[in-house]
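Asks: Attaching a single structure in structure tokens format; questions to follow.
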Amino acid sequence: MTKRHAQVSQAPTNPRAAGGPPRFDVADLYRGPLGDVDPRPADAVPVDEKLRQAYFWIVNHAIISPFYDLEFVDAPPATFNLGEHQTRVVLPTAQSYSSYVLLPLLNLAVRRRCLLIGGPGRGKTVIATLLGLLAGYTPREMKQGIQHGQPQMTIADLLGNPLPSSLVSATTMDDVKIAWRKWLGMRVKIIDEYNRIPTRTQSALLTVMADEYAELYDQIYECPPAAWYLTANDDAGGGTYQVIEALRDRIDVVVKALHFNTRFFGELLERVESGQRPEELVPPEIVFTGPELDRMEREIRAIHLPAPLLRRMEFFAAQFEFFEPAGRTIEYQTKDTVKVAAVPFETFAARGSAEDLGAQTRNGLSVRALTTCLVFAKALAWFRGGREVGFDDVRQILPFVLHDKLVQQKDAAFFDAAENAPYRADLVGWIRVLFDRACAEYDRLGRDQADPVGEALATFDRGLEGLDEATVDERLAGLERRLREIEQGGKLYGHLFDDVLALKYLHQRYTNYRAWLRARGAAP
Amino acid sequence: MSGGAATLLATWRDALNARFAQHGGELAPEAMLAFMRRTVVPILDGWDGEPPVAALMALFDLGALGLRVGLCGEAEASRFERVLVARAPGLRPLIAKAPGLVLRGLGNGYLNVARARGPEAAAAWFEALAAAAPRCPEPSALLDLGIVLGWRAGLAEARDAALDRVGRFEPALIAALFGAPVIDADPARRFCRPGATGPLGPLAQVATVGGFVGFGGPFRRPPRAAVVADRLVCTDGDATFELHADVFGARLVPAAWAHAGAQAAPAAGPCAGVVAEPVADSHHVRVLGRREAGA
């Protein structure tokens, strides 16, 4: 490893068309062989640019990850159909990224929970440690901060211990002083091999992860907002202990460590010979301060998500929860009803058609999952230098966010086709196909041009104030007309199920309002 | 070695050795040790309290990279080092806040000014900057000051950026730097001394730029002047340069962005108070402007 490992990619890392002839850049005076310096005050340096520099430093110098599975194109790309299965290989025309590096980095920016999965020795812990270093911690602090899951791990190992002296002298629980573990206060938290932690300790971990506090002897330790990294060797979350479902559900994004490309063996040799580790060589230019991390999170939240794209995401998300055989009451015709009732899914002989996207999953999407989709789509758009989320941002990010959220119905009719069988294992590819098909259906239905239920909701959102009874009657008739159309359409699909419930909701709100109008009119 | 440096060096010995292996390459260990002794140790020993590790590492990197490019001396202290050590009391608070940023900024700035205006100008730039460091509350303010002093040292292309920063300085600091509490940003008065308020004199030659490539100049053929995008450029048909000129100096800066436009543009007239007048059968360009009357 040579001094080139200290190099940080020069800005702009994602160049866009310039807005006129260049002028003297004050940074020019401070560029040079000692390493470039950005003379602006810390709060004026674009943090998205800095995060891109961090990304390129990691992929160029720290983690050998020569993959571009987050593909972006801005012109017709060259494509090739390879192998017996005619696998389509696309050469992206726009800046594309390795999910294994980018998603953990975005997780640092949005301070969520990222699971890194893959076999031993794939660099999962290394990348998590690097992100801690980018957050300003020293290698020593990171070594102290990593929690290594193991079958004997106790709650005290995880959270801390009561001080023996206070334990002896305490007359009430409040008197007990707790020596909290330092990692609880860190902005980057790493749990290595989380599926080797005993179930009881997992519950304590869940409280820290979900509610950002730890509790021991009635004492509370409030943890700062943090980016979490959990590692596991087993995709299914197996390991020594079964991971409790609530803990799995708290994971926002799942990243798979890809295999080692043997064409890069030479780089490995170079590292072996230099005897140095990337963790020791993080350039200071790409280390983030606390305020910079806060700023990133704020900037990402402020990224705009256009209404038509949101509507498309709604349509996609609507496909999965509906499960007609689950009940006779429309509100309970959901996969959640089956799950809560602890009835085996297989009890229902409902394989669905290959076209029914909802038939391919055993569950729907929770509010948490949908929130995470929005957050990471914004983060990806921000990272790419955009001001609003684009279709490709959503398409590329969904598989990683929904990887652990959508449970596949592996015997669904869709997977019977030979060309679809690989999707039983390739969850990223499968979720992307789900989204593409949902979008194709959305376009076929012309929802961008006509969305009666969406329009009815928008009309209602404008308020009821001043509406007379005749208008209310007219709107109620419109809602019933729309329901009649759905009735005549025959089979119900997920998106129609949500439409029906929305129409019922609107009908009830208008009915209540009409009752109020009548009551007011009848009053003396 | 007695103060904070000794403890710090002993504690971080292994890390420094690894860093030397990373940056050192062909560098002689003796040269690095000499740099540590004469520059790093005095700066850290004078620290008020325990010096931060980051400052040690940044100073170490400064030496390891600076020795390679001549910023630091192999056998004895360079001018840069001498000023750094002598002015350490004023620089320490800023180094403490952002060690890498401040030291890399100072080093790169010194090298860039030296390349553009020569070693004397670079030494004067650094001396003035380090002397004014106690007036800078933050590292970014120090770097802003460096831009202004770079402009004063003759980096005419930094004029707009420097004027922008001067506007944020206290009048006392501006007066200390320029001998007048206010700088007139009017392009027409760009060749007047700071603080001069009298009427402008006649158009006169204020500088000469250019030269033949064989003698270290930028042009292969006698150049012509043109205005592209409201900016004054000189081109010999092969390469194009933007002309920056004011009271502190005149410079030609590569302007590939203007090359195509310059070939098609007619001969230039005055542009923002500057006239570029090619000299017949010469690779030089006369720079004309109006100083204050009587100057």
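Asks: Among the residues that make up segment B:125-132, is at least one of them within 11 Å of chain A (Cβ to nearest Cβ), within 23 Å of B:ALA250 (Cβ to Cβ) and open to solvent by 20 Å² or more (accessible area, probe 1.4 Å)?
Replies: For segment B:125-132, residues within 11 Å of chain A (Cβ to nearest Cβ), within 23 Å of B:ALA250 (Cβ to Cβ) and open to solvent by 20 Å² or more (accessible area, probe 1.4 Å): absent.
Asks: Determine which single condition B:CYS136 fails, assuming it passes every other condition in (1) within 20 Å of B:ARG290 (Cα to Cα); (2) surrounded by fewer than 24 Cβ atoms within 10 Å (Cβ to Cβ).
Replies: (1)
Yes/no per residue for (1) farther than 22 Å from A:THR334 by Cβ; (2) of a type in the set (A, V, I, L, M, F, W, C):
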{"position": "A:ASP448", "(1), (2)": "yes, no"}
{"position": "A:ASP451", "(1), (2)": "yes, no"}
{"position": "A:ALA456", "(1), (2)": "yes, yes"}
{"position": "A:PHE460", "(1), (2)": "yes, yes"}
{"position": "A:LEU464", "(1), (2)": "yes, yes"}
{"position": "A:ARG475", "(1), (2)": "yes, no"}
{"position": "A:LEU483", "(1), (2)": "no, yes"}
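The rows are residues; the columns are (1) hydrophobic (A, V, I, L, M, F, W, C); (2) within 25 Å of A:LYS491 (Cα to Cα); (3) buried (at least 17 other Cβ atoms within 10 Å of the Cβ).
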{"site": "A:THR347", "(1), (2), (3)": "no, yes, no"}
{"site": "A:ALA359", "(1), (2), (3)": "yes, yes, yes"}
{"site": "A:LEU374", "(1), (2), (3)": "yes, no, yes"}
{"site": "A:PHE391", "(1), (2), (3)": "yes, no, no"}
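Asks: So which residues in segment B:77-113 are facing chain A (nearest Cβ under 8 Å), within 24 Å of B:PHE248 (Cα to Cα), crowded, with 24+ Cβ neighbours inside 10 Å and touching a residue at least 12 places away in the same chain (Cβ under 8 Å)?
Replies: Listed by number, the residues that qualify are B:GLY105, B:GLY107, B:GLY109, B:VAL113.
Asks: Something else now. If a residue counts only when it is within 14 Å of chain B (Cβ to nearest Cβ) and modelled with pLDDT under 90, which helices (runs of 4 or more DSSP H) contained entirely in segment A:32-134 have at least 2 such residues?
Replies: Counting at least 2 such residues, we get no helices (runs of 4 or more DSSP H) at all.
Asks: What pairs can you find where one residue is in segment B:60-76 and more than 9 Å from chain A (Cβ to nearest Cβ), the other is open to solvent by 30 Å² or more (accessible area, probe 1.4 Å) and in a loop (DSSP other than H, G, I, E, B), and their Cβ atoms are less than 8 Å apart, with a gap of 6+ or different chains?
Replies: Sorted first by the residue in segment B:60-76, then by its partner, the pairs are B:LEU67/B:GLU74; B:GLU74/B:ALA28.
Asks: Picking from B:ARG168, B:ARG193, which residue would you name as being of a type in the set (Lys, Arg), open to solvent by 40 Å² or more (accessible area, probe 1.4 Å) and within 25 Å of B:LEU288 (Cα to Cα)?
Replies: The conditions single out B:ARG193.
Asks: Same structure again: Quick one: would you say B:GLU242 is in contact (Cβ under 8 Å) with a residue 40 or more places away in the chain and open to solvent by 30 Å² or more (accessible area, probe 1.4 Å)? So that I can check it myself, show each step before the final result.
Replies: Numbers: in contact (Cβ under 8 Å) with a residue 40 or more places away in the chain: yes; open to solvent by 30 Å² or more (accessible area, probe 1.4 Å): no.
No: the conditions fail for B:GLU242.
Asks: Okay, next question. Scan A:ASP411, A:ASP426, A:ASP436 and give me the residue that is modelled with pLDDT of 95 or more and under 21 Å from A:ARG362 (Cα atoms).
Replies: A:ASP436
Asks: Quick test for you: out of B:ALA55, B:ALA18, pick the one residue that is surrounded by 21 or more Cβ atoms within 10 Å (Cβ to Cβ), in a helix (DSSP H, G or I) and touching a helix residue (DSSP H, G or I) at 6+ places or on another chain (Cβ under 7 Å). Spell out how you get there, then give the answer.
Replies: Values: B:ALA18 fails: surrounded by 21 or more Cβ atoms within 10 Å (Cβ to Cβ).
Just a single option satisfies the conditions, and that option is B:ALA55.
Asks: Still on this structure, please answer the following. Could you please find all residues in segment B:166-179 being closer than 26 Å to B:LEU232 by Cβ and either small (Gly, Ala, Ser) or at the interface with another protein chain (Cβ under 8 Å from one of its Cβ atoms) (or both)?
Replies: Once the filter is applied, which keeps residues that are closer than 26 Å to B:LEU232 by Cβ and either small (Gly, Ala, Ser) or at the interface with another protein chain (Cβ under 8 Å from one of its Cβ atoms) (or both), segment B:166-179 yields only B:GLY167.
Asks: Condition check: within 14 Å of chain A (Cβ to nearest Cβ), modelled with pLDDT of 90 or more and open to solvent by 30 Å² or more (accessible area, probe 1.4 Å). Does B:VAL253 satisfy that?
Replies: Yes, satisfied.
Asks: Filter segment B:139-162 for residues that are open to solvent by 30 Å² or more (accessible area, probe 1.4 Å) and away from chain A (no Cβ under 12 Å) and give the result.
Replies: Within segment B:139-162, the subset open to solvent by 30 Å² or more (accessible area, probe 1.4 Å) is B:152, B:160.
Correct list: B:ARG152 only.
Asks: Can I ask one more? Can you tell me which residue among A:VAL272, A:VAL343 is in a loop (DSSP other than H, G, I, E, B) and either crowded, with 19+ Cβ neighbours inside 10 Å or on the phi < 0 side of the Ramachandran plot (or both)? Please lay out each step first, then the result.
Replies: On the way: A:VAL272 fails: in a loop (DSSP other than H, G, I, E, B).
None of the other options fit; the residue is A:VAL343.
The values are calculated or read from the model by the stated rules, or taken from the named source; none is laboratory data. All of these numbers come straight from a predicted model, not from anything done at the bench. Note that each Cβ is placed from the backbone with ideal geometry, even for glycine, and that neighbours are counted across all protein chains shown. To get the accessible areas, we keep the full protein, side chains included, count just its heavy atoms, and leave off ligands, DNA and RNA. Shrake-Rupley method; radii C 1.70, N 1.55, O 1.52, S 1.80 Å.
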